[in-house]
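Encoded as structure tokens, here's the structure I'll be asking about.
Please treat every number below as a calculation from the coordinates, not as lab data. Source: prediction; values computed, not measured. Quick reminder, even Gly has a Cβ in these numbers, built from the backbone with ideal geometry, and neighbours come from all protein chains shown.
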């Protein structure tokens, strides 16, 4: 019996890994958000996508909802004039005749497994209390009875932060927060423009999702990780970044979910980097907050990120993808050769930092820089008229 359980868990993790790969292939420059979406599902927590329109927020949620077989999906574009009937259903005429205020919730938010509320901070006071209860307690009060809701996760999207203080409680319910901006990398933009139809081949059943959620419960968290969390909290508070005790407590399960998603049976320092998507209140604070978290919780990841940032800046400075006149070919070729030398030096620094230890952050940085080096080499060969297979 134990062997069977272990095999099922392996199968689910394998599906999750494949699902993650396919979603990242479909959503350009959205790796962090894809991971956040999957972590939210595994932890049964809620996620906010903040940023300008046209950044694939809706597509991301629809993809995630579509790969959970048996899940019911609810979407609504909120406005200041959204009424309770649109989210929770209209009142039953039959019940009203019996002096009961009971809503017909079929195909509405109270019966959704995965919900997406676009422009969520346009919610008004008429729906706010019911919405908060549904999000936080997963219950909907209908006709004098508290009915359990099957909500696995709710995703909110907005172009702006909440303006009214009465929305602070709603903002706080979204434990994971991501700033979703426009694509910046040239090669990513090319991949987006040349990409075809998205085809997802993996599906998880609701039972498999629940099995994975049970697996998250079993992920260990050592005292050393808790000590690091306390150290991070103190450092952030010293810099003026404060979060509620409730948010700190609830982040533990998110860290377990992140470890599970990455195939680990215990939380490590690498998982603490997820805090940068949990603890910020305003987008402008993300950079400073993230650096402080990485520096304390995972110095290796912090150093890796600095090297990777420098490599990306170098790659962006190269004229890759541009038409190069024959008169400038030799100069561009030399520029790219020099850049490749720097890429190799950066990879060597990363390997020295790791010192033989397994590190996800170092591995990801090395792979990213190697990919830049290959792209640069291919362009250099094209400029020089050579053939590079």
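Could you work out how far helix 286-297 tilts from the main Cα principal axis of the chain, as a 0 to 90 degree angle to the nearest 10?
Rounded to the nearest ten degrees, it is 80.
Mind telling me which of 230, 68, 296 comes out most flexible in a GNM of the chain, alpha-carbon contacts under 10 Å?
Of the options given, 230 has the highest mean-square fluctuation.
I need the calculated FRET efficiency for the pair residue 106 and residue 189, taking r as the beta carbon distance and R₀ as 51 Å, to the nearest 0.05. Spell out each step's value before the answer.
Values: r = 43 Å, r/R0 = 0.83.
Between residue 106 and residue 189 the formula returns 0.75.
Evaluate the distance, in nm, between pseudo-label points positioned 7 Å from the Cα of residue 95 and of residue 245 along their respective Cα→Cβ axes.
It works out to 3.8 nm between the two label points.
What value, in deg cm²/dmol to 500, does the helix sum -39500 (n - 2.57) over DSSP H runs of n ≥ 4 give at 222 nm once divided by the residues of the chain?
Working: 15 runs with 212 residues, N = 389.
It lands at -17500 deg cm²/dmol.
A further question on this structure: Calculate how steeply helix 329-354 sits against the longest principal axis of the alpha-carbon atoms of the chain, using the helix alpha-carbon long axis, and give the answer as 0 to 90 degrees to the nearest 10.
Result, in degrees: 60.
In a GNM of the chain with a 10 Å cut-off on Cα contacts, which of 284, 97, 352 has the highest mean-square fluctuation?
Result for the chain, Cα springs under 10 Å: 97 fluctuates most.
I would also like to ask the following. Quick one: angle between helix 299-316 and the longest Cα principal axis of the chain, in degrees between 0 and 90, rounded to 10, please.
The angle comes out near 70 degrees.
With r as the distance between the Cβ atoms of residue 358 and residue 214 and R0 = 22 Å, compute the FRET efficiency 1/(1 + (r/R0)^6) and round to 0.05. Show your work: numbers first, answer last.
Numbers: r = 26 Å, r/R0 = 1.20.
Efficiency computed from Cβ-Cβ geometry: 0.25.
A further question follows. In nm, to one decimal, how far is the residue 312 label point from the residue 163 one, both placed 7 Å along Cα→Cβ?
Result: 3.2 nm between the two label points.
Return the ratio Rg/(2.2 N^0.38 Å) for the range 54-142, where Rg is computed over Cα atoms only.
Working: Rg = 14.2 Å, N = 89, 2.2 N^0.38 = 12.1 Å.
My calculation over the Cα atoms of the range 54-142 gives 1.17.
Shifting gears a bit: Mind pulling up the Rg/Rh value for the range 219-297? Radius of gyration and Kirkwood radius, both on Cα. Intermediate results must be reported in sequence, preceding the final value.
On the way: Rg = 11.9 Å, Rh = 12.6 Å.
My calculation of the ratio gives 0.95.
Okay, moving on. Can you give me the Cα centroid spacing of the range 239-306 and the range 130-158 in angstrom?
If you average the Cα positions of each part, the centres end up 27 Å apart.
Oh, and also: For a quick check, take a GNM of the chain with Cα springs below 10 Å and name the residue from 275, 27, 314 with the largest mean-square fluctuation.
Among 275, 27, 314, the largest GNM mean-square fluctuation belongs to 314.
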